[in-house]
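Undergrad: Got a structure for you, questions after.
The values are calculated or read from the model by the stated rules, or taken from the named source; none is laboratory data. All of these numbers come straight from a predicted model, not from anything done at the bench. Because the Cβ atoms are built from the backbone with ideal geometry, glycine has one as well, and the counts that use them run over all protein chains shown. To get the accessible areas, we keep the full protein, side chains included, count just its heavy atoms, and leave off ligands, DNA and RNA. Shrake-Rupley method; radii C 1.70, N 1.55, O 1.52, S 1.80 Å.
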Amino acid sequence: MYAGSEGIPINKVPNNSIVRIVRPGSDRLIDLGLMSGSIVKVLISMPCGPVLAQREDGP
């Protein structure tokens, strides 16, 4: 999943940042409702690991 106008990987975004998704990295994310243009708050991000994010733009 890539975020922001620079298209950086979501797991390199600082914790507690609010970002706009520019390109989901997998079909699984699309199945979960995350697509280009979705706004999320990155709660916890690890540079080489998982990301815990919360939708900020609705259900």
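Undergrad: Mind checking the per residue accessible area of the chain for me, 1.4 Å probe, whole number of Å²?
TA: 65 Å²
Undergrad: If you add up the charges near Ala3, with Lys and Arg at +1 and Asp and Glu at -1, over every other residue whose beta carbon is less than 10 angstrom from its beta carbon, what do you get?
TA: Residues near Ala3 contribute +2 overall.
Undergrad: Further, regarding this structure: Taking all protein chains in place and a 1.4 Å probe, what share, in percent, of the accessible surface of the stretch 9-59 do carbon and sulfur account for?
TA: Of all accessible area on the stretch 9-59, carbon and sulfur atoms account for 58 percent.
Undergrad: Can you tell me the order of 39-50, 15-26 when each peptide is scored by its average per-residue count of other Cβ atoms within 10 angstrom, highest first?
TA: Order by mean packing, descending: 15-26, 39-50.
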